[in-house]
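*Asks:* Following this message is one structure expressed as C-alpha cells.
None of the figures in this text is laboratory data; all of them are computed from the coordinates on show. Since this is a predicted model, take the numbers as computed values, not measurements. Glycine also receives a Cβ, built like all others from the backbone with ideal geometry; neighbour counts cover every protein chain displayed.
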Amino acid sequence: MLEIEFPYIATLISGGLAFVLGMFWYSPKVLGTKWSEARGKTGEKAKPEAKQFVISFLLWLLAACFYSFLVDIIEIDVVPGYFSLSCLLWVAFAMPPLLMGALYTGYAFEAVSIDASYQLAGYYVFAVVHIVVNMIPM
C-alpha cells in the first residue's frame, strides 16, 4: 500500500506565497502596467474584482497540493530535485497552454511572457518553501 506523508504546512505556505507573489508581480510598480497595456486593459477594466483574488488563491492552493503530492510520490529530498520538478511542471503543463492560448486569442507576446514567467516563479516558490520546511526539524 502506498504511504503518503502529505506536507500540509509546506502546501499551505507555498500556495499562499505564490498568490502573494502575484499581487506584487502584477502591481503597477512592477509588471502590472506593462501587462495591462499589452492586454489592452486600461482604467476601470484593469482593476481586478474580489472573486478573481479568491479564485486565484484557491487555484494556487490546488497547484501547491499537486506539487506536494508529486514531491512525496517521487520522494524528492534534495534541492535540485525540487527545482527540477518546478521546471518540468512549468515546461510540460503551464507554459504550453499559455502560448497556445495566445496563438488563438491574439494576446500580445509581452503579456503572455509576463504570465508565463509568473507561473514559473510560483513553482519556484513551491520549491523554496518545501526546501525550507524540510530543513526545519519537527
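*Asks:* Residue by residue through segment 58-63, what is 3J(HN,Hα) from phi via Karplus (6.51 cos²θ - 1.76 cosθ + 1.60, θ = phi - 60°)? Round to whole Hz and write x for glycine and proline.
*Replies:* Karplus values, whole Hz, x for Gly and Pro: 5, 5, 5, 5, 4, 4.
*Asks:* So for segment 8-135, if I pair up every lysine 8 or more residues apart or on another chain, how many of those pairs have alpha-carbons under 17 Å apart?
*Replies:* Taking segment 8-135 as the scope, the lysine pair count is 4.
*Asks:* Give me D72, D115 sorted ascending by neighbouring Cβ count inside 10 Å, so fewest comes first.
*Replies:* Ascending number of Cβ neighbours within 10 Å: D72, D115.
*Asks:* Turning to a different aspect of this structure: For the chain, what relative contact order do you get, as a whole percent, if you take Cα pairs closer than 8 Å and at least 6 residues apart?
*Replies:* 41
*Asks:* Something else: With only Lys, Arg, Asp and Glu charged, each at its Cβ (+1 for the first two, -1 for the last two), find how big the charge dipole of the chain is about the Cα centre; round to the nearest 20 debye.
*Replies:* For the chain, the charge dipole is close to 720 debye.
*Asks:* Turning to a different aspect of this structure: Which log10 I(q)/I(0) values does segment 24-66 give at q = 0.25 Å⁻¹ under the Debye formula, counting every alpha carbon as one identical point scatterer?
*Replies:* Per q value, in the given order, log10 I(q)/I(0) is -0.91.
*Asks:* If each DSSP helix of 4+ residues adds -39,500 (n - 2.57) and the sum is divided by the residues in the chain, what number results at 222 nm, nearest 500 deg cm²/dmol?
*Replies:* Taking each H run of at least 4 residues, the total per residue is -24000 deg cm²/dmol.
*Asks:* For T11, T33, T42, what's the fewest-to-most ordering of other Cβ within 10 Å of each Cβ?
*Replies:* Starting with the residue having the fewest Cβ neighbours, the order is T42, T33, T11.
*Asks:* Here's another thing I want to ask about it. If you plug each phi of segment 87-98 into the Karplus form 6.51 cos²θ - 1.76 cosθ + 1.60 with θ = phi - 60°, what whole-Hz ³J(HN,Hα) values come out, in order, with x for Gly and Pro?
*Replies:* In residue order, the calculated couplings are 5, 5, 4, 5, 5, 8, 10, 9, 5, x, x, 5 Hz.
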